[in-house]
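Right, one structure below, let's go through it.
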Amino acid sequence: MQVENKISFKKFIPGLVWICVVLTLIMIPGKELPESEFLFEINFDKFVHVGIFGLLAVLFSWPMYKTDIAPQKKVLYFLLIALLTSAFGYCTELMQKYWAEGRSYDLMDWLADSTGALGAFIFCRLFFLKK
């Protein structure tokens, strides 16, 4: 594994591309979304939110993992990224409420987004700090 002293912008490109994918997905008009009765009436949409926002947090944490900064500082970065991911999730709910046709504001979606961000923080803390 190659470790670097500085973080270049290009290492954040996967995360930035994923943000564009997320923004595209959340702005799809509600009438174009497929309905699912998956897992015995459990709303599959929440699992999708967890995965989408968890991946987002991991993609932005990866460049921090690849640097040689102190592990304690990495944990702070992972936490900040998780908090910003959760805040972004809330912003996407507001975007759906005000700008996406046929979509609505749902605090449970934001909770799922935040759960994904928290899961990513735990994942990064457990697996990215192992030496």
Where the second residue is in a helix (DSSP H, G or I) and the first is more than 16 Å from TYR90 (Cα to Cα) and lies in the stretch 19-34, which pairs have Cβ atoms under 9 Å and are six or more apart or on separate chains?
VAL21/ILE52; GLY30/GLN96; LEU33/ASP45
Do you know which residues across the stretch 86-105 are under 19 Å from LEU33 (Cβ atoms), modelled with pLDDT of 95 or more and not aromatic (Phe, Trp, Tyr)?
GLY89, THR92, GLU93, LEU94, MET95, GLN96, LYS97
One residue from THR85, THR92, THR67, THR115 being out of contact with any strand residue (DSSP E or B) (no Cβ under 9 Å at 6 or more places or on another chain), under 18 Å from LYS11 (Cα atoms) and among the polar types (S, T, N, Q):
THR85
In the set MET64, MET108, the lone residue that is in contact with a Lys or Arg (Cβ under 9 Å, 6 or more places away or on another chain), part of a helix (DSSP H, G or I), farther than 16 Å from ILE7 by Cα and aliphatic (A, V, I, L, M) is MET108
Output the number of residues of the stretch 67-87 satisfying the condition of being without any contact (Cβ under 8 Å) to a residue 40 or more places away in the chain, assigned to a helix (DSSP H, G or I) and not small (Gly, Ala, Ser).
8
Failed item in (1) out of contact with any helix residue (DSSP H, G or I) (no Cβ under 6 Å at 6 or more places or on another chain); (2) surrounded by 15 or more Cβ atoms within 10 Å (Cβ to Cβ); (3) of a type in the set (A, V, I, L, M, F, W, C); (4) over 19 Å from LYS10 (Cα atoms), with PHE53 passing the rest
(1)
Looking across the stretch 56-100 at residues that are of a type in the set (D, E, K, R) and more than 17 Å from the chain's Cα centre (by Cα), the single one that is surrounded by the most Cβ atoms within 10 Å (Cβ to Cβ) is LYS74
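The values are calculated or read from the model by the stated rules, or taken from the named source; none is laboratory data. Everything numeric in this text was worked out from a predicted model, so none of it was measured. Neighbour counts are summed over all protein chains in view; Cβ atoms, including those assigned to glycine, are modelled from backbone coordinates with ideal geometry.
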